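Have a look at the structure below before the remarks.
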Amino acid sequence: MATRRRADTRARLLEAAAEVFVERGFGATSVEQVCEAAGFTRGAFYSNFSSLDELLLALVAQRHAAVVAGLGAALEQIEPAPVEDLTAFVGEIVRAHLADRRWQVLQTELALHALRHPAVAEQVAEHRADLRRRVGELIAHAAGRAGRSLTVGPEELARAVLALVEGARFQTCLDPAATRTDRLLLTAVLEQYTRATGASDGQAVRG
């Protein structure tokens, strides 16, 4: 029971922090403001997080886990088909990254904070490396189900895909009409760096 209460407290603090960070900005937010929004005391905060930095990184880890879980579940629902499967999975990547405007604000706050604090930047880099690995595995799986194999390493391709969708997400926040173009670009990238299984060995996977 105590473990469940602790998990609930942590979840409420994370949710409240996300709202306050979006509304006020990370740099203008205090522990007290997060506690007030969550309905907890400072003691409850510090029993779960040592600092706002740790809380912000926990939000990043939570978001990455949700994206990977969502993509994995979507992949299992897609019927294997040479072209349609890969295109559908591209759509899921776009949807998972572009649907949440709040996350765009949080990601921007995180980037600004990391640029000013090297220690935070190192931890962010570790989170992103793990995200690339996991997304790369899912892309390789999706390509395989579509009868294609990668012509670059999965993490290398994941880096390119994530760079594209993150740039697209920023544009879409300012111009919602950009979404269709972004989907086309993602499809082009995945088609460029995959090949039909059994194609020339000169295009074998690297890395």
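If you add up the charges near Val60, with Lys and Arg at +1 and Asp and Glu at -1, over every other residue whose beta carbon is less than 14 angstrom from its beta carbon, what do you get?
Taking every other residue near Val60 into account, the sum is -3.
Please list, in order along the range 39-52, the HN-Hα scalar couplings obtained from phi with the Karplus expression 6.51 cos²θ - 1.76 cosθ + 1.60 (θ = phi - 60°), rounded to whole Hz, x for Gly and Pro.
Each residue's phi maps through the Karplus curve to give x, 10, 8, 4, x, 5, 4, 6, 7, 10, 9, 7, 6, 5 Hz.
How far is helix 84-98 tilted, in degrees, relative to the longest principal axis of the Cα atoms in the chain, given as a value from 0 to 90 rounded to the nearest 10?
That helix lies at roughly 20 degrees to the long axis.
Between Arg101 and Ser47, what is the label-to-label distance in nm when each label sits 7 Å out along the Cα-to-Cβ direction?
3.7
Can you tell me how the range 88-140 classifies by the Cα gyration tensor, rounded, prolate or oblate, using a/c under 1.5 as the rounded cut?
Oblate is the answer for the range 88-140, as a/c is 1.5 or above yet b/c matches or exceeds a/b.
Over the range 1-77, what is the relative contact order in whole percent, taking alpha-carbon pairs under 8 Å and six or more residues apart?
Normalised by residue count, the contact order of the range 1-77 is 28 percent.
How big is the charge dipole of the range 1-68 about its Cα centre, in debye rounded to the nearest 20, if each Lys and Arg gets +1 on its Cβ and each Asp and Glu gets -1 on its Cβ?
300
Can you give the charge dipole size of the chain about its Cα centre, rounded to the nearest 20 debye, using +1 on the beta carbon of Lys and Arg and -1 on the beta carbon of Asp and Glu?
In debye, rounded to 20, the chain gives about 200.
From the protein chains alone at 1.4 Å, what is the descending order of accessible area for Cys173, Cys35, largest first?
The residues order as Cys173, Cys35, largest area first.
If ligands, DNA and RNA are left out, what is the accessible area of Phe40 with a 1.4 Å probe, given in Å² to the nearest 10?
Phe40 exposes around 50 Å² with every protein chain in place.
Cα axis of helix 101-116 to longest principal axis of the chain: angle in degrees, 0 to 90, nearest 10?
Taking the Cα atoms of the chain, the angle to 101-116 is about 80 degrees.
How tilted is helix 179-192 with respect to the longest principal axis of the chain? Cα atoms for both, answer in degrees (0 to 90, nearest 10).
Taking Cα atoms only, the helix is inclined about 50 degrees.
So who's got an amide H within less than 5 Å of the one on Arg148, skipping anything under 5 residues away but keeping other chains? H placed 1.01 Å off N, in plane.
Sorted by chain and number, the residues that satisfy this are Thr197.
Of Val31, Val20, Val135, which is the most mobile in a GNM of the chain whose springs link Cα atoms less than 10 angstrom apart?
Val31
Using +1 at the Cβ of each Lys and Arg and -1 at the Cβ of each Asp and Glu in the chain, identify which of Phe45, Val67, Leu185 lies farthest towards the dipole's positive end.
Phe45
The values are calculated or read from the model by the stated rules, or taken from the named source; none is laboratory data. Predicted model, so just to flag it, every value in this text is computed and none were measured. Because the Cβ atoms are built from the backbone with ideal geometry, glycine has one as well, and the counts that use them run over all protein chains shown. Areas reflect the complete protein model, heavy atoms only, side chains present, ligands, DNA and RNA absent. Shrake-Rupley method; radii C 1.70, N 1.55, O 1.52, S 1.80 Å.
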